[in-house]
Every structure is written in C-alpha cells, then in structure tokens.
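The structure appears below as structure tokens.
Each reported figure results from applying straightforward, stated rules to the coordinates on display, with no laboratory input. Bear in mind the structure is a predicted one, so any value in this text is a computation, not a measurement. Neighbour counts run over all protein chains shown; Cβ positions are idealised from the backbone, glycine included.
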Amino acid sequence: MQKPKFYMTTAIAYTSRVPHIGNTYEAVLADAIARFKRMTGHDVFFLTGTDEHGQKIQQQAIEDGLTPKQHVDKIASEIKRIWDFMNVSYDKFIRTTDKEHIETVQKIFKKLYDQGDIYKSSYEGWYCTPCESFYTETQLVEGKCPDCSRDVQKASEEAYFFKLAKYADRLVKHIEENPNFIWPEARKNEMINNFIKPGLQDLCVSRTSFDWGVPVSFDDKHVVYVWIDALSNYITALGYNPDGQSGELYKKYWPAEVHIIGKDIVRFHTIYWPIILMALGEELPKQVYGHPWLLQGKDKMSKSRGNVIYAEDLVRYFGLDAVRYYLLKEMPFAQDGNMTHEHIISKINSDLANNLGNLVNRTITMVDKYFSGIVAEASVKEAIDDELIQLALETPGKVEEKMNEYRVADALEEVIALLKRSNKYIDETQPWILAKDEASKGRLATVLYNLLESIRIASVLLVPFIPDTAVEIQRQLNATKTDWQSIQSFDGTIVGNKVNDAKPIFARIDEAKKMAEIEAEHEAAVLVAAAANAQPKVEEKKEQPKKEEAPAADGLITIDDFAKIKLKVAKVLECERVEKSDKLLKLQLEVGEEKRQVVSGIAKNYSPEELIGKYVILVANLKPVKLRGIESNGMILAAYDDSALTLVTPMAEIKSGADVS
C-alpha cells in the first residue's frame, strides 16, 4: 500500500545573523510534526534552508569585511549546524545561492515577464532595509515602518513590478472555498480584511540599488527581489521547471501539505506566494500555518533590546530534550509564548523530572526489586485497572487529532495526562504494600505490567518531541514493540522480557543554584563585552593594513591576547546586598592605593558578612557598566559547576593591588 505523501516546509532562515531561540523554535516545531507524520505512516519530505540575498545581507557583509558570499556561507553553515544540533530531521536544506535555485528563479521571472504579469516601471516611496519592503506615505506608522517600527528612507529607482491585483478576486475565492488554507482562523481574517479587501498594489519584484541577488537574465541592471527569489524555494527544491519539465520530486510531492511560518510573514505566504503560483499555473499549498512568537519575558527577542537567548546556551544549561520539550509544550497554538529561565526550570521539574523521570525510574526499579527485572504476566485484574488502560488506549488517537491540527502543545498535554494518571495509579495500588504479601504476588505483577505498558505507549508518543529521551526510556524498558501500530492495543510489553537497569531520565534542578550560575555567566559576558568595546581603535593608516589571522580553530589564544587582561589582587573592604535583587552584591574593594566598586551576582552563594576582609582576583581593566543602576568597575573571578560556585582567591595573603599573571 502506497504511503500518503506529506510535503512540509519551514520559512527559510535569513542569513544576516545567527538565529536565536525564537527562530530555532520553528525548526523544532516542524521537526516534531515531520517525525509524527513519519511515525503514523506518511511519506514525508521536510524542507528547510536559508534565504541568502538582499540589501541587508550585502550591507552586513561590508560591515564585517567580507564578500556577501563569504558572509552567507558562514551564517548558512552555522544555521545548518544549529538545526542539526537541535536534532531537526529535515530531508533537504536549500540555500538560495544554490545554482539550481538561481537558474529556476531566472526562468520563473522570465516566464512571468513574457506572459505580461511582470512589467518595468519606477518606484518612489519609503524603503525599510530590515524588512526589505517599500511603503507609501499612508502606510507608514508615525513615519516609521509599519512592520518593525524602524526608520525608513526615501527611495526612487527603476524596478519591475508584478500584477498582484490581477489575481486578487481569484485569491479571495480560493480562501473562501478552502477555509483551512490560512491557519489559525484569526490569521485568515487579518489577511482578507487588512490587506486584500483594501486593494492590492502591484508588487516590486526587482532592485537596482544593490547587486547581491539573482540577476534578471534579460536585464543585468536588475536583481530579482526577495518575493520571487525566496518564496520560490518551496518548488525549486523539488526540481520545479516553469518550462514544463519538472523533476520527479516535484511531481510526487507538490503541492505542499503545509508551510510552517512565523505569524509576521503570513502576508507574504498567503497573498504574494499564492498569486505567484496562480500566475505560473501551479497548484497552491494546502495550508499555511502562521505560528506565534516566542517572547522573552513580555518582549519579542531582538539584539537591540538585549534579550536574545540562543539555543546552545539553553541546551548547555538544561539539556537538548528538555529544551525541545519546553519549546513545544509551552508555545500556545495561536497566542505568543513566554519564556524565562525560571519557567523552564519549573516545567522541567514538574513535567520531566516528576511526571516522567520519576515514573520510569520507580517502575523499573520495582520490577527489578520484586521480580528480578523480569516482566511478569498480568494475571490478577481489578476494576481500578480499567481507567488507566482505557486512557492509555485513547491517548494515541487524541494525540493524532491534535497533531493533525498542529496543536503540538495540546498533543503533548495528552501524553502528560497519561503520565500523571500512571503516577496516580501507583498511589492507588501501592505496589510496595502488595510486595509484602506473597498472596498478592499476582496482583503486584498486574500492577507493574500496567505501568510498564503505559510507559511504553507514552514513550512511543514522545518520540516526535523528545526523541533521544524516548529511545532511552524504551532501552530501559527493553521494549521491542515501538511503532505506531503497537500502541493501538495494551499488550506490547512482552512477558518474560528482562528490563534494563533504571537510570535517571531527568534530574530535578535546584533553581537557586542554576539561576546563580546563569546570572554569573551573563554578568561575565556583559563585562567582557564592555571591555572589548573599551579597547581603543587604531587610527586608519593610508597603506593597506595587514590582514589579521583568523582565530585558531581550537579556540587557543596567544600570550598577547592574555596580556590585554589586567588581573589584580583586591581586598573586600565593604559589602552589601543590592536593593530589590536576590542575586547581586555591591562590594567596595581596595586595589593597592585605589578604591573600586564592583557589583557581582554571587548573593546566593555568599553573605556580605563572610566576604569582608577576603582577598579576591579582579579583572581591573573592564569598561565600567551599570547593573541595577549601580556602577560596576571591574569583575571578580569565580569558578562554578552544576553544584557550586566559589570565588577565586590567592592561596596565601598578599597585598592588594598585586598583579596576577
């Protein structure tokens, strides 16, 4: 029997800078959907990649002293590495600098021009470089970009335009006849009422003010603009050819079942992209799902706000599957999600350490203790078993229903409900009491079998979300039946099998210690960055400066690098807590003849009283910064691991102000 095909895509990541965790969320979300569809018998093709052309990238490359190609090669490689690091199981990673993509985009542009859908004119209006969009005077909001609120520049240039309005009625008809085309529902209403009904303006699809893009094949002054270049990746990746000679992948997988994108680019994917496809005579994707944003606190993440969090930092603090779980479980279907380190710790402790990890550990430990690790037959059943068994059998269907609507957080909640019910079942049946009576041995075997089987079913359901952990649970269970079909019945745990040793799946996190570690690391990063910014700039020479050697691949530095850091012995004269902060201390230091004030995030590890009179090591040449409005002139050194933080101090008393080398 032929598997149903399922072609899905993410938006391609823009290669101006390395993506933060909010950008990474989309790749993890799409991965969970792709893994689930594979598990339920679909022939999945999962596309992701990078958008590598445009004025912003060209400007960024110049600022970094690179060619645009060098810049995008560097960033695209890093994005792909992060996706791999986050265990994203894509089938193809496309780059818009790929030769095949460039050639097909040129053919698409030429076809649209030849059939009269693209024409040459000139544009005069306001341009936003970060959004790479033109706006009329009336579209601006308080004189700024209506999308990102940044400054815009007056621009006028020759350009090619695409006739959007020609296809507006046809697009509205398609949306009305396909109510799930734009998902969730609120996004659809926004597109129709705010953009389509007021009237579509013809779309600028080429530029002459920069040259980092796909050249227009018949007019070398122009490069193809982002709308045709980037959006076309969804079909060029499959071997689409506007000449009618498309490849087998295109014939097999197009149209896409779903484009997974951020809510901020829904307009481009539900207005521009469908109309481009209509003009090409191609089928439209079946659905566009505009997911919400992941916020840091109450704000969207951005470097300008200083609230950017990166995936690798979170994984270093909490572990890969814990981060994947948090991203998928705590992002609502239609509303923005909110992330803080404290909330991550709370969810890890409640859902993963308690509900999942503790359940697995307790159950396998009891099987090992009471039955020498051998799965015994469930021979003595009672009515109390029925509720757990029924829930375990219903859960796969509930998860599938939610996943078919991309309600990933709700799907995970169904699995958590099964885990919670299993923990409650332990409290209800009290296996440790049954184990004391030899006559209850059969009942004890039944209870443990029901727990093992419920955990097995949950582990299969968790594979799309936390794959490494799910496989580890199955290894500890020594489960042999781990496919989708095997969880449609409550008999997949094999009697006579021997479970493996129980090992902790997730450990509880001490919030105070972990937050102190994160705070100290953040403080150090802020101060080091401030020191780097304080380094004096060398005046430009007329002759070409000698090219600096690239940093060593192994991260080693030279003695000259180390010599830039001035370390001094300092004595703590006074110390007090910073008001309204449970993490910061304000220290008055004696550094030889000099007095220094330093703010340090060590309040959860040291009291002010125990620091007075102590000698510490000070990074003395950092640019002053303000923490909680208090000026800090330097940084004291500390060492920390998962369990402790300790200040770096001299082994013997030495006068303050002494050099450290």
Exercise for the section: Please turn the phi angles of the stretch 227-235 into ³J(HN,Hα) values with the Karplus equation 6.51 cos²θ - 1.76 cosθ + 1.60 (θ = phi - 60°), one per residue in order, whole Hz, x for glycine and proline. Expected result: 4, 7, 4, 6, 5, 5, 4, 5, 10
Exercise for the section: Could you rank the peptides 279-286, 254-261 by their average count of other C-beta atoms within 10 Å per residue, with the highest value first? Expected result: 254-261, 279-286
Practice task
Search the structure for amide H atoms under 5 Å from the amide H of Y310, placed 1.01 Å from N in the peptide plane, and list their residues when 5 or more places away or on another chain.
Solution key: I21
Handout entry: Within the chain, percent of DSSP bridges classed antiparallel, to nearest 5
Key = 70
Exercise for the section: Report the charge-dipole magnitude of the stretch 340-488 in Debye, nearest 20, computed about the Cα centre from +1 at each Lys and Arg Cβ and -1 at each Asp and Glu Cβ. Expected result: 360
Problem - Listed residues V172, V88, A13: farthest to the positive end of the dipole of the chain (Cβ charges) - result: A13
Handout entry: Net charge, I473 excluded, C-beta distance under 12 Å - Lys, Arg +1, Asp, Glu -1
Key = 0
Exercise for the section: Could you calculate, for the chain, the ratio of the Cα radius of gyration to the Kirkwood radius, expressed as Rg to Rh? Expected result: 1.03
Handout entry: Top positive-direction residue, dipole computed over the chain with Cβ charges, set N194, V367, A417
Key = N194
Problem - Hz values of 3J(HN,Hα) by residue in the stretch 116-130 - Karplus curve (6.51, -1.76, 1.60), Gly and Pro given as x - result: x, 8, 10, 9, 9, 8, 9, 10, 9, x, 10, 10, 9, 5, x
Fill in the blank from the handout: Two pseudo-spin positions, 7 Å from Cα along C-beta at K614 and at Q488, lie apart in nanometres by 6.4
Handout entry: Sequence-separation-based contact order of the chain, relative, with Cα cut under 8 Å and 6+ spacing, percent
Key = 11
Fill in the blank from the handout: Spelling it out for A638: with amide H atoms placed in the peptide plane at 1.01 Å from N, the residues 5 or more places away or on another chain with amide H under 5 Å from its amide H are V648
Exercise for the section: Please list the non-local residues whose amide H lies under 5 Å from the amide H of V288, H modeled 1.01 Å from N, same-chain partners needing a gap of 5 or more. Expected result: I182, W183, H259
Completion exercise
Rg from C-alpha atoms of the stretch 340-488, normalised by the globular rule of thumb 2.2 N^0.38 Å, equals 1.05
Problem - For the stretch 206-253: rounded, prolate or oblate by the Cα gyration tensor [a/c cutoff 1.5] - result: prolate
Completion exercise
Going through K583/K623; K37/K369; K221/K286; K369/K398 one by one, the pairs whose alpha carbons sit over 31 Å apart turn out to be K37/K369; K221/K286; K369/K398
Problem - For the stretch 375-444, Kirkwood radius (reciprocal of mean inverse C-alpha pair distance, Å) - result: 13.8
Problem - Per-residue ³J(HN,Hα) for the stretch 212-224, Karplus 6.51 cos²θ - 1.76 cosθ + 1.60, θ = phi - 60°, Hz, x for Gly and Pro - result: 8, x, 6, x, 5, 4, 10, 7, 6, 6, 10, 10, 5
Handout entry: Listed peptides 323-329, 652-658, 262-268 by packing density, highest first (mean Cβ within 10 Å)
Key = 323-329, 262-268, 652-658
Practice task
Output the peptides 364-377, 31-44 sorted from most to least packed, where packing is the average of other Cβ atoms within 10 Å over each peptide's residues.
Solution key: 31-44, 364-377
Exercise for the section: Note down the magnitude of the dipole of the stretch 48-155 about its Cα centre, charges +1 on Lys and Arg C-beta and -1 on Asp and Glu C-beta and zero elsewhere, to the nearest 20 debye. Expected result: 240
Fill in the blank from the handout: Over all directions, the stretch 342-418 yields a Cα convex hull whose mean projected area in nm² is 6.7
Problem - Mean separation of Cα contacts under 8 Å, 6 or more apart, over the residue count of the stretch 340-488: relative contact order % - result: 30
Exercise for the section: Have a look at I75, Y615, I102 and report the one farthest towards the positive end of the charge dipole of the chain, computed about the Cα centre with Cβ charges (Lys/Arg +1, Asp/Glu -1). Expected result: Y615
Problem - Net dipole in debye of the chain [+1 Lys, Arg Cβ; -1 Asp, Glu Cβ; about Cα centre; nearest 20] - result: 140
